[in-house]
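One structure is given here, and the rest of the page talks about it.
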Ligand code: HEC
């Protein structure tokens, strides 16, 4: 996400800084007189564009967030109008804005925190730019959206903030992989984590979005004796993540007296000598909280990625049998630079249906959280099929050199193909109750079902034939 992927990108930035300002100012026509466009019923910034930017862009495009420029005011937005049209209307995932790549033509469409633009909004932006990107009537401008400040947290007020040891990267240095010294959490009773967020702080002065040296960092917890505990992984920190709110039914456990260990950290140089550290913020469930469900995983993948050079449209499949009834809460595609698309299908009772497909841009490792009534309810025995699509040609700007064959490996120039899928394991009783509740909330008639809920068609689970045997007839 920190790479400049086109020459124009640089040119624009150089113009905006210093000597090029005059050229820039000359290149941008002055906006038409304020209220005229609005009076003519045309698309304007104040009426039509500002609300879109507030909802879908400003969380990143604001001072002290991750994106390269702020899009908070008309003056800030206007020079980027053409670029905004291009990035919002492109069909490929790589570089698309906002970075939300769910395929809207197939599979489940209801997600939490969906910031994607509708086709109508994309068209509105296009018409606004074609029409000279007018400001419009100032009275139409919505109240500004407020955000957490640089020292505040998107997850709300944390109960505990842990600071890692500082690390230093020279202005130009090879990437570094390694572990940080563990840090004691400083809590003496067992607690369950409800939400967490990790932020990088540093002495780098570089522009917004260009200053990070932590590429990613993997963490675990150690108990008092220095042993890892918990049968689940903690989420991986990648540059620019906002935080995680875990499903309230399955808080993540930490023991009193434990320490946080970053066992695998990847640092990269940012062009400036930089010393940085992470602050890890935790929000706990109240003392005495106990999880009411069991955390599960639909994590699966394959090392068999055998990518031929200079070829687009290469696809590889991988499979998993779901051993317990499961609510799939997350769709988490994971590939590397050549990846461009990722799909998951569920095969159940002889039928296959696509749960979700998304484009893929390796600058963004995204997890998509299903909305409550959309999260697949997968009966035991379901087979999941993942498919990764790769473009190993110069058309994919994320590839360093498409003339190379590549296979599985941990570096970004190697490949990966896997699904990162925290989920919730359900007992037979819980599963039947969730299916019944969903049927009721969605008002399904007998025999009627929805994507991702094969047993939603059953108005009653046959007493003599448990649901898990249905697909073995
Ligand atoms: C999750 C954070 C995030 C969101 C949401 C987001 N952006 Fe971005 N945007 C970035 C980052 C980071 C970059 C720099 C990397 C890149 O160019 O892809 C960027 C780059 C851009 C660029 C190219 C800038 C250049 O230097 O050429 C444009 C234009 C843009 N965004 C517009 C938008 C618009 C419009 C929206 C909302 C519809 C939006 N972005 C939503 C993070 C975000």
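Bear in mind these aren't lab numbers, they're just calculated from the coordinates by the rules spelled out. Quick caveat: nothing in here was measured; it's all calculated off a predicted structure. Here the Cβ positions follow ideal geometry from the backbone for every residue, glycine too, while neighbour counts run over all protein chains shown.
Here are the numbers:
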quantity	calculated
Ranked 113, 154, criterion: other C-beta atoms within 10 Å, fewest first	113, 154
Cα gyration tensor, the range 162-304 - rounded (a/c under 1.5), prolate or oblate	prolate
The chain: angle of helix 428-442 to the longest principal axis, Cα-based, in degrees nearest 10	50 degrees
Three-way shape label, the range 243-382, alpha-carbon gyration tensor, a/c 1.5	oblate
Degrees separating the helix 119-130 axis from the principal Cα axis of the chain, which is the longest one	10 degrees
Centre separation in Å (Cα based) which lies between the range 39-82 and the range 132-192	22 Å
Cα gyration tensor category, rounded, prolate or oblate, for the range 336-473 with a/c compared to 1.5	prolate
Degrees between helix 7-16 axis and first principal axis of the chain (Cα, 0 to 90, nearest 10)	60 degrees
Exposure proxy order (Cβ contacts within 10 Å, fewest to most) of 405, 128	405, 128
Theoretical ellipticity at 222 nm over the chain - DSSP helices of four or more residues, -39500 (n - 2.57) apiece, nearest 500	-4000 deg cm²/dmol
Average Cα contact separation per residue, the chain, under 8 Å, 6 or more apart, as relative contact order %	16 percent
Ranking of 325, 266 by count of other Cβ atoms within 10 Å, fewest first	266, 325
Projected area averaged over orientations for the range 325-375, convex hull of C-alpha atoms, nm²	4.2 nm²
